[in-house]
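Single-structure report; data block below.
No value in this document is a laboratory result; all are computed from the given coordinates. Note that this is a predicted model, so its numbers are computed, not measured. Neighbour counts run over all protein chains shown; Cβ positions are idealised from the backbone, glycine included.
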Amino acid sequence: METSTHSPKVYWTICAALMMLLALTWSIGYVNLGSFNLVVALAISISKALLVALFFMHIKGSSRLLHLAATAGIIWLLILFSLTLGDYFTRNFLQPTSSHKVPPEQFHGAP
Amino acid sequence: MNVTSTGATSFVHEQFDDIEQQRNAAQLGMWIFLATEVLFFGGLFLGYTVYRSLYPDTFAAASHHTEVVLGGTNTAVLLFSSALMALAVRAAEFKNRKQLVWLLLGTAFLGIVFMAIKGVEYHKDFVEYLVPGSHFEWHEANRSHAEIFFWLYFAMTGLHAIHVTVGIFVLLTLAVLAWLGKFTAGHHTPVEVAGLYWHFVDIVWIFLFPLMYLAGHR
């Protein structure tokens, strides 16, 4: 019989890997890595999401059309983020003229 | 379910050529819906990103007031429920009715456990005056920035909780239908498609956990 699902062993292995990644992200939460706390947390989250999408949601082994639909959501999310953050993170690129000094705390465009 | 000219029942609706095309269409439809869901949650994640980059220290301080043990336990509960859901889809594919019913009920039960823990957590936040509004209490610096964090916390976990609730009802409905033998007689696409939704809700929480409970370090 042709199957589109994996054997239970695969699912339990992925589940164990997800639990280990959870333990990792939880314990790293108590270590001060400065701004790298966020980087590590996001890297672990993305790995976990990929495991879920590839194996539980069967992206691995599914049609190109489904790959496209799944990727489309991510691409539009990246557009949403890059355009908005492109605004917020570049507001201090244009230095004001000397007569209109903006205090540093307003550089990021804080409301 | 249609009755064909020969009198045999078929699961193929009239607009599809065969069961495989119908299954592919259902899966594509769910993935497109999930793409819109990515953007639905994406707006809130974007708001979180902007305000956390503006007020990183206050967000870290506010994050310390969340219940990390409850949030972490809930992450494990959802990850485990996702594994059960994946096994349910497999049970449906192998036409194992009993196993399918139990796995669907197990997944729904873990969803209910998640909601119960979330309820305990919301109650704790409520009695600690962490709900944004006129009763919000904050004894550290930058009260209004902390309020933004908690606004996002309730909006994002709340929207997620609504999705979990919908998922629980879907799973319970599927469990009843599975018990009646609807998914072990030739097609099980509804189980597959509901599984995709449940796994997506799990993925959203995978990102919410570190962002809400572990912002900065504890």
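Summary of computed values
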item: Hydrodynamic radius by Kirkwood, which averages 1/r over all alpha carbon pairs of the protein assembly as shown, in angstrom; result: 21.7 Å
item: Lys pairs under 23 Å by Cα in the protein assembly as shown, provided they are eight or more residues apart or on distinct chains; result: 9
item: Between the range B:24-66 and the range B:111-181, the alpha-carbon center distance in angstrom; result: 15 Å
item: B:Ala116-A:Thr71 pseudo-label distance in nm [points 7 Å out on the Cα-to-Cβ vector]; result: 4.4 nm
item: Net charge contributed by nearby residues that have their C-beta within less than 13 Å of B:Ala92 (K/R +1, D/E -1); result: +4
item: Inter-chain shielding of B:34-47 (mean C-beta neighbours from other protein chains, 10 Å cut-off); result: 4
item: Equivalent-ellipsoid semi-axes of the range B:43-145, from the Cα gyration tensor, Å, largest first; result: 38, 16, 10
item: Prolate/oblate/rounded label for the range B:128-218 (Cα gyration tensor, a/c 1.5); result: prolate
